[in-house]
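Working notes, structure below.
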C-alpha cells in the first residue's frame, strides 16, 4: 500500500492536511483581545509617526472636528445652515412634548437641545445624527423615575433624580466606549429592536390620549390594558370636546403633511415645519378664544433664559444615588443602542463609517456635561435625523445651528408658549411615533426568519402588555436565547457526491447528490463546544442509525465508513475532543471506520495537543470528503 | 457569453447552487422544537405498536428496571452483591462525615443512603452510579443553609430548612427532566467544572482542618483567607495533639491504601474498606483510652432505627419557603451536573447510553421522596461510583444491596459509632476529596485551549477565595462569556489556491496555497447574526484594505474581485443580510465585484426571500470559490 499509489487516487493531488504553527498563551490571548476590542485597529494610523503628529492624531481621535473642520467650506455651511434651521423648527415643539412625557418641566427639554448638541458637534462621528431628547428614551426614563418619586408631589427631587440618572447614563456610555465594549449594544438583535420600538410607539401614542382627550385623572401605568381601562372610565365625565377638537384637527394636519412629504420627497420641509406651525396657530387660537377657561389644558409655566448649572443637584450620596445609577445604566444603554443604530443607517446611505466606540464616548460626554447643565438624557432622534439628512446637512455643524436657534428661543420667545395647548403636543408626539412602527421591517423579518419574528413579537407584546422595562428585558432575553439555542443545537447535514465530480454537497440542498454505498458523510456546521459536544455526537450516531435502517429495508450493504466533514468546525474544546473520542469508541465497537475531513487550523492543532491524532491514526485525518472516499471506500478488496 | 461555454470552465461540471424547498412557520418551529428538546427521539420505539405494548413501553420508560430486570441473572447478582457490600463499607463512614459537613446530625447522612438509592435503582439509567450524599453538594448545601439559620442554636429549624431545600432540589431536577431541559446542565463547561471541583476539594479539605486539628472556635466562612486566619489564631491554645495524632496517622493509612490501589488496580478493595477499618479501629482505640476526656471530640449522639417520615417538617409557607426554594434550586442543579457528568464517564467506559432527561427525573424523584423520609440531597458520588465500577457492579442492584447494608447498620450497630472521633471523619473526607483535584485534566485543558484554562482558573479561584456560590457563579459566567465571545467575533480566513487543483484552502494552514492575482477570497466561519454582522462586514473590508496595501507595496494589480466563501455560514438573519447589502454597496463604490460562494440551504433561502439575490444578481452566487475564480477572474478581456 504505497503512499505514492494512494496519492494518484486523491483528488487533492497529494496535498496533506496542514498544521499551523503553535501559538503561546500570550500570543493567543493578545490575538483574542485584539479581535474582540480592537477589531477596527484604532492605532493603525499612529504607526511610525513622530510624537507631535501622534499627539495631533490623538486629539483628532477625541475631537473629530479637528479633522473635518479643516476642510470645512462655505458650500457645506450653506447646507448645514438650512438643515440646522429646519431641525430646530422641528425640535422646539418636540422637546417640549418629550419633556412633558418624561414628567419634566418643558424648558428642561429645550435645555437638552442646547448643550448636548454642541458637545456632540465636537466629538461625534456621524454627520447626520441630530441629537436631543428622543421619544422612546423619554418614555423609558419617565416610567423609571416615576416609579421612584412622584413628579407632581416632589418636582424638585424628581428633577434631581433625573439629572442623577442622566449623569450615570453618560458615565455608562462613555465608559463602554472607552473600554471598547461597544459590541455589547449589538447583543440586542435587530428584530427585537424593531419589535421594541413598535411597541414603544404604540405605548407612547396611547399615553398621549391623556392630553389628546383632555383627561385629568389618568393611570400612571403604561400597559395597554390599564390605559384602555383609564380611558373607558373617563368616557362620561373626563373627556373635553374642545381639547379633542384642537388635537384631532391638528393631528389630521400633521399626518397630511407627513403623507405629502412621503409622496414627494422634495416637500419634506412641509412636514418638518408643520409642528411649529401647529404650535403657533393653536397657541394663537387658544389665546384669542381663552379656551383654557373651558378645560383646554395649556403649558402655563415655562421658564425664560438659558440652562442654569445643575451639578449641585446630582445625588452623589443617599438612597437615590443607587436608584439614579440603575435608571441611568438602563436608559444610557437604550439611548446608545438607538443612536448607534440610527447613525449606522445614515452612514450607510452616504457611505461613510461611524466609529461605534468614539460615538459612545461622544454621547457619554454630552450627557455628563448635560447632567451638569440642567439637561436630561439626550440621544440621536430618528425623526430629526431623517429631516437633517433630507434637508442636506453636511456635518455636525447643523447641530450647532439648531442649538443656537434653541438658545434664541429660550432667551426671547419662551413666554409665548404659555398658551400652547397640551393637546397639540400630544398630536405632535403621536404623528412622530407612528413612523417608529416599522411594519416593512416586520414583514421582511417574517419572511426571512421565523425565529426572529418570534423575538420581534415577544419584545412588542412585552412593551404593550407589561411595561417598557419588561419589553426591553424580553428583547434581550429572547436575543440571548436565540444565540444559546444556535450554539446548543448546531446543524448537521448529510453530504452526497455530485456525479462526475469529487465534490460532496448537502444532499438536502442538491438533489443530484448521490450517496456512496457503505459510506456516510456527515457535516457538522458549528464549533464543537461543551454546549453541543454531546448533541453532536448523538446526532451523528442518529444519522448512522437512520441510514442503517433505510439500508436494511433496501437490502443495501451496511455502513462501513463514517466521514465527519469538519470544514465548518472552527473550534473545538476539551469537551468536544472528548465527544470525538466517545464517537470513535462507539464506532470501533461496530467496526465502522471514522475519518475526519478538512479540519481547520485551530481544530487540527488542538486534536494534536490532546493526542487524539495518535488515537485515531494520522492517516484517518484527510483534506476533503472526496479524499476520504477515494482512499478508504473505493478499495473494497482491502476492506473486507 | 454562452452559458455552455462558462460551464466548461467550471470545476463543478455545470452544477448550480441548489435551492431547498421552502418551509412554513409551523414546520420550522416544530423542527426547531424537535431538535432542541427531542433530539434523542424518545417516541421512536412507540411508532406502530399496539396500545398495550405502548403502555408497557411507557412504564419501562419511567422504570427502566422493568426492562433490564427481565434479563437479570444470577451471575449479575453475584457482581452486584460484591460491589454493593464494598460501596456500603465505604458509604457508611462517608455518610456520617458528609452529614457533619452539611451541619446535619450523622444519622441523616445514613438515612440518605437508604431511601434514595432504592428509588434510583428503579428509575435510573446508569448501571454504575452509586447514589447518596456527596462531598461538594454537602459543602454547598451546608454553606447555603448556614447563612440562613444557625445549625447549633436552631437545629430543628435548620434540618426543616434542609428538607425543604431537598424537596425543591428534587422538584427542580424532576421538572428539568420532564420538560426535557436537560441540555441546560451542559451550559457549564467541562473546564469550569474541573476548576470548580478542584477549588471545592481544597475548600473542603481546609474546612476539615477544624476536626483534624481539634479546633473548637472555627470560622464559618469557607474562603481560604478566613480559614487560614482562623487556624493561625488557634495555633497556641486551640490545637489538640491527641486529635492530631489520631487524624494524621489514619490519614497516612488512608492515603497509603489509596496509593496501593492506584498502583495495583486489583487491590482497589484495600482502599475501599480502609475508611471502615479506620473508623472501627479508631473508635475502639478512643473507647479504650477514653481519649474523649482529653479533648478528642467524638460523635456522641447518633440515633438508632430507620428513617422517620419528614413530610410535615417541610416548609410550605412562611419566609423559609422561598429560602428553601432558592437553596434547593441551586443545590439541585449542581447535584444534577455532577451526577450526569459522572454517569456519562462510566457509561462511556462500558459503552452504553445514559438518558439525560430520564436520569434527571430519577434523581429528582429520589430527592422528593428523600425529603419526605428525613434525607438530604443525594446525588451520584464519584468516589463510591468508581469503587462500584471497579468492584464489578452490573446493574443498579448494587445500590439496593448498599441500601440494605445501611439499614442493617442503622438498626443494629449505630450505637457503636458513639465513640468515633470526629478527626477520623475529617481524615476520610480529606483522603476522598484529594482525588477531586484533577490536575491531569487541568494540564490537558492548558495544552488544548488557553481560554478554557482561564475559565477553569476563574472557577477555581472563585471557590477558594470567595465562596462556593461565587465560584459557581464565576464558572457559569465565564462559560457564558466564552459562548458570547465566540458568537460575537467569529473567525475569518483568507483562502488561497492549491497549485494544480481547483481547491481553495486556508492560506494560514496551507503555506502551499497561493493567491490568485486581483482576487481576494475570504471565508467566514460562523453563522452571520446580529451579534457579529457588523464585525464580519468590517473584518472583510479590513482584509481588503490590508491586501491592497500589500499589493501596492509589491506593485501588483489591485483587487477586482472579492469572493466570500459561505460554506461555514450555516445561518443568517436580517442583520446579517443587511451587512451583506452594506458590503455590496461599499464594494460597488470601489468597483470591486462581490461573489458569494457555496451558500448553504438556509442561507440561500433567506437571501432569496430578502430579495438580496436580485440586488447582487443571480449569477454572482456560485457553488465554490473555484467556480467563482474560473467564471469571473480568468477572463481578463471581459473585465476591463
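Please treat every number below as a calculation from the coordinates, not as lab data. What you see is a predicted model; the values in this text were computed from it and never measured. Cβ: placed from backbone, ideal geometry, glycine included. Neighbour counts: every protein chain shown.
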Separation between Cα centres of segment A:513-541 and segment B:289-320, rounded to whole Å: 53 Å
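Please give the peptides B:594-601, A:261-268 ranked by average Cβ packing (other Cβ atoms within 10 Å per residue), highest first, as a rough proxy for protection. Kindly include the intermediate steps, with their values, before the conclusion.
Working: B:594-601: 23.8, A:261-268: 12.1.
Ranked by mean Cβ neighbours within 10 Å, highest first: B:594-601, A:261-268.
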Kirkwood-Stokes translational diffusion coefficient of segment A:97-214, alpha-carbon pairs, 20 °C, 1.002 mPa s, µm²/s: 133 µm²/s
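Taking R0 as 22 Å, what's the FRET efficiency between residue A:71 and residue A:369 from their Cβ-Cβ distance, rounded to 0.05?
Between residue A:71 and residue A:369 the formula returns 0.25.
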Among beta bridges that DSSP assigns inside chain B, antiparallel share in %, nearest 5: 45 percent
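If you take each beta carbon of peptide B:189-196 and count the beta carbons of other chains within 10 angstrom, what is the mean?
3
With the contact rule set at Cα under 8 Å and sequence spacing of 6 or more, what percent relative contact order holds for chain A? Display every interim value, and only then the final one.
On the way: 1114 pairs, mean separation 144.3, N = 640.
After rounding, I find 23 percent.
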Segment A:489-639, relative contact order [Cα under 8 Å, separation at least 6], %: 22 percent
Principal-axis tilt of helix B:422-433 within chain B, Cα atoms, nearest 10 degrees: 20 degrees
Within chain B, helix-based [θ] at 222 nm, where runs of 4 or more DSSP H residues each add -39,500 (n - 2.57), nearest 500: -19000 deg cm²/dmol
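State the antiparallel share, in %, of DSSP beta bridges confined to segment A:489-639, rounding to the nearest 5.
Working: 7 of 20 bridges.
Antiparallel: roughly 35 percent of the beta bridges in segment A:489-639.
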P(r) of segment B:490-638 over all Cα-Cα pairs, binned every 10 Å from zero, in whole percent: 11, 44, 36, 8, 0
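How would you classify the protein assembly as shown from its alpha-carbon gyration tensor, with a ≥ b ≥ c the square roots of the eigenvalues: rounded for a/c under 1.5, else prolate if a/b is greater than b/c, otherwise oblate?
Values: a/c = 2.10, a/b = 1.34, b/c = 1.57.
Judged from the Cα gyration tensor, the protein assembly as shown comes out oblate (a/c at least 1.5, b/c at or above a/b).
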Cβ neighbours within 10 Å from other chains - mean over A:611-624: 1
Taking B:163, B:179 and counting other C-beta atoms within 10 Å, the order from fewest to most: B:179, B:163
Residue order, fewest to most surrounding Cβ atoms within 10 angstrom, among B:259, B:504: B:259, B:504
Contact order normalised by residue count of segment B:58-197, Cα under 8 Å, 6+ apart, percent: 20 percent
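Using mean Cβ contacts within 10 Å as the protection proxy, how do B:441-450, B:89-98, A:350-359 order, highest first? Working shown, then result.
Details: B:441-450: 19.6, B:89-98: 27.5, A:350-359: 17.5.
Result, highest mean Cβ count within 10 Å first: B:89-98, B:441-450, A:350-359.
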Between 0 and 90°, nearest 10: helix B:468-488 axis offset from chain B longest Cα axis: 10 degrees
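Given a Förster distance of 51 angstrom, what is the FRET efficiency for residue A:45 paired with residue B:34, based on the Cβ-Cβ distance and rounded to 0.05?
0.45
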Using alpha-carbon coordinates, inclination of helix B:25-37 to the longest axis of chain B, degrees: 40 degrees
Residue list for segment A:358-386, given a label point 7 angstrom along the Cα-to-Cβ vector of residue A:301 and an amide N cut-off under 19 Å: A:374-376
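On average, how many beta carbons from a partner chain sit within 10 Å of the beta carbon of a residue in A:564-575?
Shielding by partners across A:564-575 averages 6.
Got a sec? How would B:63, A:253 order by Cβ neighbour count within 10 Å, fewest to most?
Details: B:63 15, A:253 18.
In order of increasing Cβ crowding within 10 Å: B:63, A:253.
What is the antiparallel percent of DSSP beta bridges lying wholly in the protein assembly as shown, to the nearest 5? All intermediate terms of the calculation are to be shown ahead of the outcome.
Numbers: 20 of 46 bridges.
The antiparallel proportion sits near 45 percent.
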Inter-label distance for residue A:285 and residue A:273, nm, one decimal - labels placed 7 Å from Cα along Cα-to-Cβ: 1.9 nm
Distance from segment B:155-208 to segment B:82-141 (C-alpha centre basis), Å: 15 Å
Stretch gain in nm, segment residue B:465-residue B:556, where the contour uses 0.36 nm per residue and the Cα spacing is subtracted: 27.0 nm
Most to least packed among A:533-540, B:278-285 [average Cβ atoms within 10 Å]: A:533-540, B:278-285
Tail fraction, Cα-Cα pairs, segment A:74-484, threshold 43 Å, whole percent: 5 percent
